[in-house]
Structure formats: C-alpha cells, structure tokens
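Let me begin by presenting the structure, written as structure tokens, before commenting on it.
Read-outs: derived from the displayed coordinates by stated rules, not from any lab. Bear in mind the structure is a predicted one, so any value in this text is a computation, not a measurement. So basically every Cβ, Gly included, is an ideal-geometry build from the backbone, and we count neighbours across all protein chains shown.
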Amino acid sequence: MQIFAHRGSSGTRPENTLPAFAEAVRIGTDGIELDVQLTKDQQLIVMHDETVDRTTDGKGAIIDKTLAEIKKLNAGSWFNDHYSSTKVPTLKEVVDLLVARNYRGILGIELKTDKEAYPGIEDKVSELMTSQQWPFTYWYSSFNVSTLERIHVLEPTTRIDFIMDKSDSTPITLERPFIQGIHPNIEWVWSHDTEIPEFSLAVRPWTVNTEEEIKRCMDCQVTGIFTDFPEMAMAVKRSYRGKK
Ligand code: G3P
Ligand code: MG
C-alpha cells in the first residue's frame, strides 16, 4: 500500500509548504500530494484553499492577488511560530526542492479547479512538468473531470486519477478510460470494502490519519492512502502483518 504525504507532512509541518515537502522526502514516503492554484498574474502556487485566509496571515482570494503579494505573507505561523519565515511556494519551487533532494517517489499534482475555474491552469502546469526530466514520477488528479480531460489531451501518457467528493456515490470515471484511479473519501472505502480487491481502478482514499484506519485500509487492499501523518503511516505499514 502506497503512503502519500497529503499536502506534504501536513500533520507535523505547515501544509503545502517547503518544510512539509522536505519532511516527506526525509521520511521517504512513496508519494507526495500537493494542491495547485493560479494567482491573478497567472503564476502557479501551492495552496489548498482558494483564499489565503486559513493558512497565511493575509486575507482574500488567490485569484485577486499577484505572486508578489502572496510572497509577502507568512504561511507558517498559523501552524507554529517556529515557521514564521515560511512562504507560500510556487509549484516550480516545490519541484526544484524535490530535484535538489533527489526524490524518487511519486508527486501527485492536484489541480484545484473545483471551485475556481482558473482558465489555462492545465496548460501552465503541463508546460512546467514537461519542460525537463525529473528524478520522481508525477501524475495528476482533480475533483473536476473537465480539467482531467484537458490534461489528458496535453499529456496522453501521464497517469490521471479522479478525486471523488463525499457526495459521489459511484465513480463516474468508469466511463473515461484515461482515468486510472480514484481518490475517494475514506467513508466510501468502509461502505465498498468487499469490492475493492476486484475493483477495476486503483483506489487511494483520503484522509487516513489514525493507526486503526491505516490497518483497515491495508486489510481492504486499497492501492494507497493519503495521510497527514506519513511518518506514522510508514511505520504502521512496515510493522502490520494484516488481519489476525
Ligand atoms: O487527493 C486527495 C485529497 O488531496 C483530496 O482532498 O481537499 O485535501 O485536496 P483535498
Ligand atoms: Mg489535495
């Protein structure tokens, strides 16, 4: 079972920041997940929410701010004062960090187009990701199927997974052969556990943060999990031997 650091090691570092990604690399997670959004001046930044309110000392929508304005914000103190000099990273800064640390795992790039459309975000992300070779593998995911269709046209051979909302009872992706996996809310796993071993798509639920849930996911034979506590999850994975 693959362990993905959700927004980096977001349970122990400020989410979607360089310290969170550096920590995931140190731990040696199978994968690292991040969320990409687009600024007013069309720059790709890594942040989960569509506004800067929750994870910085600023206020307002990303789409109304330039990268220079966002770079002035403190993206760490909301989590812990130790990270008061931490900034919001660009996608380029994150991949540069992974290259510098020779990360060999999987980078899961989520395009956050479910609330803001961010026209052109797919072209910009693909332009960066196809600009050079990387030591890591990367793939794309989104809650927005139109985004996935666009990215598939741009990069027909790059892996694409669909993220299912809590309200999605069935994976609509089954009709789209280019989608190779689903990221369901963990509740979906508990109600479909018997189907998962034979499921036609890879299943990687979010967000799996307790030891008990991680063990249940291993028993259910999911392909991977997204967790905010990847160091703990990697330890559970190493030691758990399955249902007694
Ligand atoms: O891909 C799994 C997960 O990242 C989806 O949820 O809201 O944390 O981006 P969210
Ligand atoms: Mg995400």
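Any idea what the dipole of the chain comes to, in debye rounded to 20, about its Cα centre with Lys/Arg Cβ at +1 and Asp/Glu Cβ at -1?
Values: 28 positive and 37 negative charges, 151 e Å.
For this selection, approximately 720 debye.
Of the trypsin sites (Lys or Arg not before Pro) in the range 3-76, which ones lie in a loop per DSSP and count no more than 10 other C-beta atoms within 10 Å?
Here the sparse-neighbourhood loop sites are Arg54, Lys59.
For labels at Asp123 and Lys59 in the simple 7 Å Cα→Cβ model, what's the distance in nm?
Taking the simple label geometry, Asp123 and Lys59 are separated by 3.5 nm.
Tell me, Glu93, Glu23 in order of fewest to most beta-carbon neighbours within 10 Å? Please list the in-between numbers first.
On the way: Glu93 16, Glu23 21.
Placing the least packed residue first, the sequence is Glu93, Glu23.
So what does log10 I(q)/I(0) come out to for the range 2-240 at q = 0.10, 0.16 Å⁻¹, using the Debye formula with one equal point on every Cα and no solvent?
-0.44, -1.19
At what distance in nm do the modelled label points of Gln132 and Ser239 sit from each other, each positioned 7 Å from its Cα along Cα→Cβ?
Each label point is offset 7 Å from its Cα along the Cβ direction, giving 4.0 nm.
Given a cut-off of under 8 Å on Cα pairs at least six residues apart, what relative contact order in percent is computed for the chain?
20
Of the residues Glu122, Glu213, Glu195, which exhibits the maximal mean-square fluctuation in a Gaussian network model of the chain defined by a 10 Å Cα contact cut-off?
The residue with the greatest mean-square fluctuation here is Glu195.
Among Glu15, Glu33, Glu149, which one moves the most in a GNM of the chain with springs linking Cα atoms closer than 10 Å?
Glu149
Name the residue, out of Glu187, Glu198, Glu116, whose mean-square fluctuation peaks in a Gaussian network model built on the chain with Cα pairs under 10 Å.
Glu198
Stokes-Einstein D for the range 27-76 at 10 °C, 1.306 mPa s, Kirkwood Rh over Cα pairs, in µm²/s? Don't skip to the end; give the middle numbers.
Values: Rh = 11.5 Å.
It diffuses with D of about 138 µm²/s by this estimate.
Return Trp206, Trp134 ranked ascending by Cβ neighbour count within 10 Å, so the fewest neighbours appear first.
By the 10 Å Cβ count, ascending: Trp134, Trp206.
At Glu212 and Lys115, where each label point lies 7 Å from the Cα along Cα→Cβ, what is the point-to-point distance in nanometres?
Here the answer is 3.1 nm between the modelled labels.
Answer with one residue from Phe143, Pro184, Val88: the one whose Cα lies farthest towards the positive end of the charge dipole of the chain, charges on Cβ with Lys, Arg +1 and Asp, Glu -1.
Going by the Cα projections, it comes out as Val88.
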